[in-house]
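Undergrad: Following this message is one structure expressed as structure tokens.
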Amino acid sequence: MAYATVIQFVALVGEAEARALATPAAPATGYDAAKIQGALDRQSATLDSYFATRWPTPLSPVPDLVVANTMILAREDLDRNGRDFVVKAADRVRAWARDVSKGSATLGVDPASPAAPTVSSDGGGVLIDAPERVFDGDGLAAFLGGC
């Protein structure tokens, strides 16, 4: 699930830049909504990789800051020229996402607000799914006696 829509992205960057970033195959005109949607999906997944340490993903409800930052990352994803201001903006978003995953930054909403995602009860810990132990310490005592 993408955190932003194609319409929101076009509203952010403008129709002309959307056409330049997502040029459709000829003879179509306008912008390629599928390319933009693909970038939004990929970058939503990127943000989810950070958020998953603290919240169930995809986030629900989605804070406005997450929507805006998804579009910034999607813009970089689509920008074939690697314009400096686009790259720097995306780098700031990735730094923010790292800070959010560590708990030193917020999603831009009060955690007690109904607009805030629900915190994961497991704290994003590691899940170990392994078979039962075949040997325990007692069963290996004779074998390991000399160690």
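Undergrad: Among helices (runs of 4 or more DSSP H) lying entirely in region 25-110, which contain 2 or more residues that are among the charged types (D, E, K, R) and farther than 18 Å from F9 by Cβ?
TA: Helices (runs of 4 or more DSSP H) meeting the threshold: 84-102.
Undergrad: Can I ask one more? Just one of (1) at positive phi; (2) at pLDDT 85 or above trips up G123, so point out which.
TA: If we test G123 against (1) at positive phi; (2) at pLDDT 85 or above, just (2) comes out false.
Undergrad: What pairs come out if I take residues in region 56-71 that are in contact (Cβ under 8 Å) with a residue 60 or more places away in the chain and pair them with residues that are among the hydroxyl-bearing types (S, T, Y) and surrounded by fewer than 18 Cβ atoms within 10 Å (Cβ to Cβ) whose C-beta lies under 8 Å away, six or more apart or interchain?
TA: Matching pairs, first to second residue: P56/T118; P56/S120.
Undergrad: Which residue out of T57, T70, T53 is polar (S, T, N, Q) and within 16 Å of A39 (Cβ to Cβ)?
TA: Testing whether each residue is polar (S, T, N, Q) and within 16 Å of A39 (Cβ to Cβ) leaves just T70.
Undergrad: Which one is nearest to A90 (Cα to Cα), of the residues in region 24-54 that are surrounded by fewer than 16 Cβ atoms within 10 Å (Cβ to Cβ) and more than 15 Å from the chain's Cα centre (by Cα)?
TA: Top of the filtered list is A34.
Undergrad: Say we look at region 77-93 and pick out the residues that are under 14 Å from the mean Cα position of the chain (by Cα) and touching a residue at least 24 places away in the same chain (Cβ under 8 Å); which of these is nearest to E17 (Cα to Cα)?
TA: Going through the qualifying residues, I end up with D77.
Undergrad: Yes or no: region 97-107 includes at least one residue that is touching a residue at least 24 places away in the same chain (Cβ under 8 Å), more than 15 Å from the chain's Cα centre (by Cα) and over 13 Å from F51 (Cβ atoms).
TA: no
Undergrad: Got at least one residue in region 95-118 being modelled with pLDDT under 75 and loosely packed, with under 12 Cβ neighbours inside 10 Å?
TA: Yes, region 95-118 contains a residue that is modelled with pLDDT under 75 and loosely packed, with under 12 Cβ neighbours inside 10 Å.
Undergrad: Just for region 1-23: of the residues that are without any contact (Cβ under 8 Å) to a residue 12 or more places away in the chain, under 14 Å from M71 (Cβ atoms) and of a type in the set (A, V, I, L, M), which one is surrounded by the fewest Cβ atoms within 10 Å (Cβ to Cβ)?
TA: Ranking the qualifying residues of region 1-23, first place goes to I7.
The values are calculated or read from the model by the stated rules, or taken from the named source; none is laboratory data. As the structure is a prediction and not an experimental result, all values here were calculated from the model. In this analysis, Cβ positions are derived from the backbone assuming ideal geometry, glycine residues included, and neighbour counts consider all displayed protein chains.
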